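Below: the structure, in structure tokens.
The values are calculated or read from the model by the stated rules, or taken from the named source; none is laboratory data. What you see is a predicted model; the values in this text were computed from it and never measured. Cβ coordinates were reconstructed from backbone atoms using ideal geometry, including for glycine residues, and neighbour counts include every protein chain displayed. Accessible surface is based on the protein model in full, side chains and every heavy atom, while ligands, DNA and RNA are left aside. Shrake-Rupley method; radii C 1.70, N 1.55, O 1.52, S 1.80 Å.
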Amino acid sequence: PTDHLFTSPLHHGELCCLLPRILIAMIILFGVFVRYDEESDAHWSEHKREKNITSDIENDFYYRYPSFQDVHVMIFVGFGFLMTFLKRYSFGGVGFNFLIAAFGLQWALLMQGWFHALDPADGQIKIGIENIINADFCVAGCLIAYGALLGKVSPVQLMVLTLFGIPLFAVEEYIILHVLHVRDAGGSMVIHTFGAYYGLTISWILYRPKLDQSKRLNGSGYHSDVFAMIGTLFLWMFWPSFNSAISDHGDGQHRAAINTYLALASSVLTTFAISSLSAKRGKLDMVHIQNATLAGGVAMGTAAEFMITPYGSLIVGFCCGIISTFGYLVITPFMEKYMKIQDTCGVHNLHAMPGVLGAVVGAITAATASESVYGHEGLVNTFDFKGKYAERTPATQGGFQAAGLCVALAFGIVGGAIVGFILRLPVWGDPSDDNCFDDEVYWEVSLISFVFYLFHSKVAL
Amino acid sequence: PTDHLFTSPLHHGELCCLLPRILIAMIILFGVFVRYDEESDAHWSEHKREKNITSDIENDFYYRYPSFQDVHVMIFVGFGFLMTFLKRYSFGGVGFNFLIAAFGLQWALLMQGWFHALDPADGQIKIGIENIINADFCVAGCLIAYGALLGKVSPVQLMVLTLFGIPLFAVEEYIILHVLHVRDAGGSMVIHTFGAYYGLTISWILYRPKLDQSKRLNGSGYHSDVFAMIGTLFLWMFWPSFNSAISDHGDGQHRAAINTYLALASSVLTTFAISSLSAKRGKLDMVHIQNATLAGGVAMGTAAEFMITPYGSLIVGFCCGIISTFGYLVITPFMEKYMKIQDTCGVHNLHAMPGVLGAVVGAITAATASESVYGHEGLVNTFDFKGKYAERTPATQGGFQAAGLCVALAFGIVGGAIVGFILRLPVWGDPSDDNCFDDEVYWEVSLISFVFYLFHSKVAL
Amino acid sequence: PTDHLFTSPLHHGELCCLLPRILIAMIILFGVFVRYDEESDAHWSEHKREKNITSDIENDFYYRYPSFQDVHVMIFVGFGFLMTFLKRYSFGGVGFNFLIAAFGLQWALLMQGWFHALDPADGQIKIGIENIINADFCVAGCLIAYGALLGKVSPVQLMVLTLFGIPLFAVEEYIILHVLHVRDAGGSMVIHTFGAYYGLTISWILYRPKLDQSKRLNGSGYHSDVFAMIGTLFLWMFWPSFNSAISDHGDGQHRAAINTYLALASSVLTTFAISSLSAKRGKLDMVHIQNATLAGGVAMGTAAEFMITPYGSLIVGFCCGIISTFGYLVITPFMEKYMKIQDTCGVHNLHAMPGVLGAVVGAITAATASESVYGHEGLVNTFDFKGKYAERTPATQGGFQAAGLCVALAFGIVGGAIVGFILRLPVWGDPSDDNCFDDEVYWEVSLISFVFYLFHSKVAL
């Protein structure tokens, strides 16, 4: 009965052939295209003199590096540990997250660079601290998609998901931020809506009717739930850095951090309330606490840098906590049963719905912005009404914000459909229905845990 | 025999009725009272011009945000994971810590705002980075109190504890810092002494004579001890940020970080020494390592920004490590047996005694400050001898520092007594004596861990 | 058969006699020698005026404190949790790491201070933020050495290792950085090469021919592997801060962070590739993921602040990931069998080889530096070709860099040999061959885990 444990469906050499090729391609592309920007190049001292910059502390590094490190923690520890909650898929959760994030950020530097940071003088991408933050953001989209597929796909499939996901993200981001001139500093649309619908569409196409053959492993254990709380808390604590990392210097970053802090605090209270309302005998469910508490951060992704006011932030967190927790209670089971979407981590509740809500909140907040609230300069700075956008009004901006949401949805769903069909090809070494959610398929697992595994199986079956 | 597991003492709807009401009240109060301050408002660019501020980097955000994030980690991961050490109460430790901290910081922004940040021009609270750091500090007081009660109270009781604890803290802080003009940047008095005696007094009033019915669960497990080390280390590493977060710009923050770093390092050595001296056969006890190593940070809460000298910091850490470890060995059992104070986490050893010691060290260091050591400007800046305090001498300041300690003690004990009697009302859904320290009472716990639970019970009983 | 569990080889009073004496010595030495520097002293406001410093934000604290905190996390959580991977030695891994790091940083402030920060005016060591970063760096050398010895030595032996390791490090660092004027901001030579060979040489001298009596415990468990990933990820994420923490303000720190970020990302891909290539049935091995993914950071320790270019960083990470993973597969077993070096954590693969490679990369990058790439000022700043080194050329610098590597190797091997012989004296309470890798020897371990231990023994034997 445990014979399947000793037959890995991963063909020899797949991952080990794929990765060096990808990396060599990266090295060549970086060699041709990527250089340091003015602030990270050794010519900085000359640049500083030319631009009359009086102090090294004016280097963008000092404005953004602390936020970058927080974002980096969210990507690797936050997303990684959040996905350790399954009782026998903790290695896969944190390990494959590590793999695709490390690949994705290199690929993102290139793809985003071509769209956003290309130096017209020499055709090269000039990178600095803001680019590496953006690369981490870009990776987040693919990690969200992984959340929907956790335990059901092979690492090679995840590499393919990332290989296509990053360029899709970069194009979508270019259209939203540059063509439509939409503001989305924390990525409610660009990151969360796109990433979630990308993953959910792939999951729908990869639907496994017999997934309940693995149901013994599709759940959490006591310690794996505590590990997942490490992920939750680092995401929760550092989300203010996420939403403020690439906001405007000064009040922009300051306000984005405060708004996000408040929305997150508010989400926690509604999550606990709904969780205890609905579960059996008023007991709390760790799945809700691990996920829905974060919804406020997702929903502030667009509006965090706006003058949404402190109470506005609390209201956003309030609504999101409710929607997200109800999602886990009602919508995820519904989607699995009637829509054939198997969403392991519930990214529909944590990223899709709060992301859409955040985009709507952002559009409304932008549309109602006024000089009396922002001041003239504040309005221009916050919405970047400069250059060819100098004539744009807040109301128009609100319309463009809404258009941005449609672009994110379209890219997520259409992109996910295409990539989903690619991933259905029978060459990627995905696990069979009866050994999903099982680390033994892809990892050496030591004897002691195997013993516990047997012990558990005997009791549970 | 395990029948009690299936009867939750939490009445349906308590938490789920309480939390939304509290949150709606918060939203209304924030709507009426809370606005952005000059540095987080979109009018910053105008403000900057008015005040001749030359660069965005002068925004207080850049001075304090890295420290804020460290403090935030201490509150949620530090305190949260430190309280996961019980073998079957890890969900409650990290989860309820999350709940009350998220509620407390909103409530603290209001309460502290009314006392410290009210704009007389329009009667509104103007918030910026310093306010959110202070809100986290305020929350710390209630989390310390939770430490004494861990495993013995319901989440609704914790909400009540926080609901009253935050205003008590805000008034106490106002009297100490503003009326008495006492310096206490890291809160030896304001946070630790107050929080510890608040929790200990409540624990005394809620004394459970039959708590040994739960003694099978009142201890740590191997992995829960490792989880608790996550909390310990993040508290230990980031304590320099805690004590320097709201110190003066420049040398104040710099010195506070160095002094705290040294005192903490020193505590670690004495903790290991006393722990191995006293335990059976020279073996070390994880409880000591998890807690007493932090005593140096608590005890530097007042004096960290003073010129206490590097060796002074080492001496403070040396003494605290001894006192705190002996506390775990001798005083906690004594208090439980003879004083009827059941202190789950030993907050008396980690916060109460080192907090009082820190206040005394602060008073002495202040009283002996001199212009020869600080320079004239340094003395004025460090102790804020400006405006109506321009004439105050270091010796007088020392006296006021001592008075501050008395205020903190009085608020902790009297406040704790009042709140303790409220929490004794039989309406809060607290666990019975035989299911304290048990996550199954308030949380859905998955089958696999329940199996281990049974397995353990059979062997241990 | 389990009788040995109840006989601790640690003699009463060793640790508890040693530590207070050391700490009292520290206090006296700090009292005589250590004071605040200009930027952490209360005279800062006067100093600021004298030097025409316009703003508090120019205090070095604001340039380096975020990096310091990241480095601090690497030392205590990174190294500490990386060493929790053994199934029954997690307390020893994280706990003894905590002890020797806390001691080492005090000792390092003194030793490094005498060599690098002595004020000639008054013969005192003036400390500020850069000193405490350097103290953490110095400690890292000893923690690397601990990695080779994990589970086989007593805490007293570790204290001795640190007591001698810190001065060895300080002298080696002085010769490399000051006498030879070598650049090594992230310590490929100074920290990693030295630390690894120091530990490996000690391990060679302490060779235990009968170590397989403990082989039942010399391996990881499922949850201990997840704990170790906490260490891995915090090391991985914060390594850009490690390599940039003491680089030049401005472009130096900025570039060092970017280069390290890229090399690390690249290492992850090759590690996964080689791990899946080589292991049984294409399965991944957690040991590789936990360790070899970090090799890119080690190897960028010297060249991170140079203009190595983004693709150069990727190439370095590529090579290191391969070398390091092959090391785990081939070299560690070879060394244990034929060279009698028992290297518990594989520091040879993670620190020694990548450290040497990093030194070579640094030497080549330095030797090929040119004004066309760096600009004149950039070249002078990056390599500090000032004062008596104003005439040094990049080619000469490359030679000195190579000489620096030899110094690091010599100090590691000779120092390790001396300390190894000291540690062979039979007075240090080291564990017997059959209870290595066992926390029960030095720690109180609670009943529940003991039960699991028995359960495991019964099944595994």
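Per-residue answers, yes or no, for (1) among the aliphatic types (A, V, I, L, M); (2) more than 20 Å from C:Asp439 (Cα to Cα); (3) assigned to a helix (DSSP H, G or I):
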site: C:Val139; (1), (2), (3): yes, yes, yes
site: C:Cys142; (1), (2), (3): no, yes, yes
site: C:Tyr146; (1), (2), (3): no, no, yes
site: C:Val153; (1), (2), (3): yes, no, no
site: C:Phe164; (1), (2), (3): no, yes, yes
site: C:Tyr174; (1), (2), (3): no, yes, yes
site: C:His181; (1), (2), (3): no, yes, no
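Against the conditions (1) closer than 20 Å to B:Gln112 by Cα; (2) touching a Lys or Arg at 6+ places or on another chain (Cβ under 9 Å), B:Leu23 satisfies every one except (2). Filtered by the rule that a residue be open to solvent by 10 Å² or more (accessible area, probe 1.4 Å) and in a helix (DSSP H, G or I), the stretch A:264-279 gives A:Ile274, A:Leu277, A:Ser278. Taken over the stretch A:375-420, the criterion of being under 24 Å from B:Ser40 (Cα atoms), in a helix (DSSP H, G or I), open to solvent by 10 Å² or more (accessible area, probe 1.4 Å) and touching a residue at least 40 places away in the same chain (Cβ under 8 Å) is satisfied by A:Asn381 alone.
Exactly one residue among B:Thr309, B:Thr332, B:Thr302 is open to solvent by 10 Å² or more (accessible area, probe 1.4 Å), touching a Lys or Arg at 6+ places or on another chain (Cβ under 8 Å) and among the β-branched types (Val, Ile, Thr), and that residue is B:Thr309. If you filter the stretch A:429-461 down to residues that are within 13 Å of chain C (Cβ to nearest Cβ) and part of a loop (DSSP other than H, G, I, E, B), you find that the one that is modelled with the lowest pLDDT is A:Ser446. Reported count of residues in the stretch B:188-224, each being open to solvent by 10 Å² or more (accessible area, probe 1.4 Å), in a helix (DSSP H, G or I) and within 11 Å of chain C (Cβ to nearest Cβ), is 2. The condition of being facing another protein chain (nearest Cβ under 7 Å) and surrounded by fewer than 24 Cβ atoms within 10 Å (Cβ to Cβ) holds for only one of C:Gly128, C:Gly123, C:Gly95, that being C:Gly128.
Residues A:Pro20, A:Pro1, A:Pro9: which one is open to solvent by 10 Å² or more (accessible area, probe 1.4 Å), modelled with pLDDT under 90 and closer than 27 Å to A:Gly123 by Cα? Talk me through it step by step, then tell me what you get.
Working: A:Pro1 fails: closer than 27 Å to A:Gly123 by Cα; A:Pro9 fails: closer than 27 Å to A:Gly123 by Cα.
None of the others qualify; the one that does is A:Pro20.
So is C:Phe334 without any contact (Cβ under 8 Å) to a residue 24 or more places away in the chain, more than 9 Å from every other protein chain (Cβ to nearest Cβ), farther than 22 Å from A:Gly104 by Cα and of a type outside the set (Ser, Thr, Tyr) or not? I'd like the intermediate steps shown before the answer.
On the way: without any contact (Cβ under 8 Å) to a residue 24 or more places away in the chain: yes; more than 9 Å from every other protein chain (Cβ to nearest Cβ): yes; farther than 22 Å from A:Gly104 by Cα: yes; of a type outside the set (Ser, Thr, Tyr): yes.
The answer is yes for C:Phe334.
Would you confirm, using the coordinates I've provided, whether C:Met307 is within 10 Å of chain A (Cβ to nearest Cβ) and not in a helix (DSSP H, G or I)? Yes. Can you find a residue in the stretch C:344-365 that is open to solvent by 40 Å² or more (accessible area, probe 1.4 Å) and more than 21 Å from the chain's Cα centre (by Cα)? Among the residues of the stretch C:344-365, at least one is open to solvent by 40 Å² or more (accessible area, probe 1.4 Å) and more than 21 Å from the chain's Cα centre (by Cα), which makes the answer yes.
Yes/no matrix, rows are residues, columns are (1) part of a loop (DSSP other than H, G, I, E, B); (2) closer than 17 Å to C:Leu105 by Cα; (3) touching a helix residue (DSSP H, G or I) at 6+ places or on another chain (Cβ under 7 Å):
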| site | (1), (2), (3) |
| --- | --- |
| B:Ala228 | no, no, yes |
| B:Pro240 | no, yes, yes |
| B:Ile246 | yes, no, yes |
| B:His249 | yes, no, yes |
| B:Ala257 | no, yes, yes |
| B:Leu262 | no, yes, yes |
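If you go through the stretch B:376-416 and pick out every residue that is of a type outside the set (Asp, Glu) and either within 14 Å of chain C (Cβ to nearest Cβ) or closer than 17 Å to B:Thr365 by Cβ (or both), you end up with 23.
Scan the stretch B:238-252 for residues that are at the interface with another protein chain (Cβ under 7 Å from one of its Cβ atoms) and acidic (Asp, Glu) and jot them down. Result: B:Asp251, single match.
Whether any residue in the stretch C:292-303 is modelled with pLDDT under 95 and over 18 Å from the mean Cα position of the chain (by Cα) is what I want to check. Checked against the condition, which is being modelled with pLDDT under 95 and over 18 Å from the mean Cα position of the chain (by Cα), the stretch C:292-303 yields no hits at all. Residues of the stretch A:43-87 that are surrounded by fewer than 20 Cβ atoms within 10 Å (Cβ to Cβ), assigned to a helix (DSSP H, G or I) and either in contact (Cβ under 8 Å) with a residue 60 or more places away in the chain or at positive phi (or both): A:Asp60 alone. For the stretch A:230-237, the criterion of being open to solvent by 10 Å² or more (accessible area, probe 1.4 Å), without any contact (Cβ under 8 Å) to a residue 60 or more places away in the chain and facing another protein chain (nearest Cβ under 7 Å) is satisfied by no residue at all.
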